[in-house]
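What follows draws every value from the coordinates through simple rules; no lab data is involved. Bear in mind that the values here come from a model prediction, so they are computed numbers and not experimental data. In this analysis, Cβ positions are derived from the backbone assuming ideal geometry, glycine residues included, and neighbour counts consider all displayed protein chains.
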Amino acid sequence: MSATFTGRAPGKLILLGEHSVVVGHRAIAAAVSRGTTVRLTDVEGPTRLGESSIQDDRLMTALRAVLPAEGLQVDIFTDLPVGRGMGSSAALAIALLRARAAREGRTPDFAELHHDGFLVERVFHGNPSGLDHCVVAMGGAVLYRRGEAPAPLQMPSYPVVVLDSGVAGDTGQLVAGVASRRPGVDPALMRLGELVELALRSLHDPHALGGIMCEAHARLGEIGVSTPDLDEMCALALQNGALGAKLSGAGGGGVVLALCPDGGEALVQAAARRKIAAFACRLPEA
Ligand code: PMV
């Protein structure tokens, strides 16, 4: 039997602050209770991909960025929707690095995960802000401002439902689109930044947090990154008892995040599932 080594990492959701984080405001993101497991098996010959629930032409390039060229089979298992702004590439990166370190009989520190995780993220995203793989590596909730060290954030773990539009938004294009609409969208970007600061004072009040999320979704619409489908998914969640709902991530597709009262996830999930894929999880991961 060949030796096998595994690593796991969660996915992430942005609670508040997408797009305004690009222009220097703070954002709140958190790891979720779904994620990715990587299994490394020692084999003869060049490093190769075995089983994978992620299909992407860039996968081998990403693996080569951080693994030895020879001697490994890489199997990848994920229950995250891929390409929907839930950090599937970041979870892959961090799970891979944890498996690599396990094979070497050690636990990787944050500096290694941060540095080498970025090498993998760049294969998929060009020049990302770095928020995704920081949150995924740290776990829990994180307060993030571009250019500063991410800070862990204490907050309760809330039940949420993730509604999947089934469409991948192109983060680069959406960010460029917002930039092209400045300075017209600057007041909305400013307000999105303020909503993060308000939320930081309401982290223990899910009703207040829900209201802030709803306003954030409206402002994200004003800067041009929502879609009629995303608006409809938010309305559906709210009609079925969600305390708040907003797109999460770059928009243009991706997912809607619905904050639920305790025990309220089943109703939102059932209503959503008549139309689209939806699943319940905890934010931050429990
Ligand atoms: O697509 P995601 O979930 O990684 O979200 C992108 C978030 C943006 O603020 C739109 C861009 C960024 O680099 O922070």
Output wanted: per-residue J couplings in Hz (rounded whole) for the stretch 43-49, from phi through Karplus 6.51 cos²θ - 1.76 cosθ + 1.60, θ = phi - 60°, x for Gly and Pro. 9, 7, x, x, 4, 9, 8
Whole-Hz ³J(HN,Hα) from phi, Karplus 6.51 cos²θ - 1.76 cosθ + 1.60, for the stretch 265-270, glycine and proline x: 5, 4, 5, 5, 5, 5
Report the label-to-label distance for residue 64 and residue 235 in nanometres (one decimal), using points 7 Å from each Cα along the Cα→Cβ vector. 4.9
Amide H neighbours of residue 16 at under 5 Å, excluding residues fewer than 5 places away on the same chain, with H built from the backbone geometry, are 28
Nothing charged except the Cβ atoms of Lys and Arg (+1) and of Asp and Glu (-1): what's the magnitude of the dipole of the chain about its Cα centre? Round to the nearest 20 debye. 120
Over the C-alpha atoms of the chain, what are the Rg and the largest Cα-to-Cα span, Dmax, in Å? 18.7, 62
The stretch 205-263 versus the stretch 114-153: alpha-carbon centroid distance in Å: 23
Calculate the FRET efficiency for residue 276 and residue 4 from the Cβ-Cβ distance with a Förster distance of 35 Å, rounded to the nearest 0.05. 0.45
Which residues among the stretch 164-192 fall inside the zone where the amide N is under 20 Å from a point 7 Å beyond the Cα of residue 122, along Cα→Cβ? 171-173
If I build a Gaussian network model for the chain, linking alpha-carbon pairs within less than 10 angstrom, which residue out of 266, 250, 95 has the largest mean-square fluctuation? 266
Springs between alpha-carbon pairs under 10 angstrom, Gaussian network model over the chain: which of 172, 83, 210 fluctuates most? 172
Under a Cβ-only charge scheme (Lys and Arg +1, Asp and Glu -1), can you give me the dipole magnitude of the stretch 156-283 about the Cα centre, in debye to the nearest 20? 100
Return the loop-located GluC sites (Glu not before Pro) in the stretch 93-178 (DSSP other than H, G, I, E, B) with at most 13 other Cβ atoms within 10 Å of their own Cβ; answer none if there are none. 104, 148
Suppose R0 equals 30 Å. What FRET efficiency, 1/(1 + (r/R0)^6) with r the Cβ-Cβ distance, do residue 33 and residue 167 give to the nearest 0.05? 0.80
Calculated FRET efficiency for the pair residue 106/residue 186, C-beta based, R₀ 45 Å, to 0.05: 0.45
Using +1 at the Cβ of each Lys and Arg and -1 at the Cβ of each Asp and Glu in the stretch 156-283, identify which of 270, 178, 202 lies farthest towards the dipole's positive end. 270
Please check: in the Gaussian network model of the chain (C-alpha springs, under 10 Å), which one of 49, 238, 92 has the largest mean-square fluctuation. 49
Dipole check, the chain, charges on Cβ (K,R +1; D,E -1), about Cα centroid: among 256, 188, 33 the Cα furthest to the positive pole belongs to 188
Dipole magnitude (debye, nearest 20) for the stretch 109-173, charges at Cβ of Lys, Arg, Asp, Glu: 200
Once phi for every residue in the stretch 218-229 is put through the Karplus expression 6.51 cos²θ - 1.76 cosθ + 1.60 (θ = phi - 60°), the whole-Hz ³J(HN,Hα) values, with Gly and Pro written as x, are 4, 5, 5, x, 4, 8, x, 10, 8, 9, x, 4
Charge dipole of the chain about the Cα centre (unit charges at C-beta), most positive-ward option of 169, 14, 81: 14
Convex hull of the stretch 4-152 built on C-alpha atoms - directionally averaged projected area, nm²: 8.1
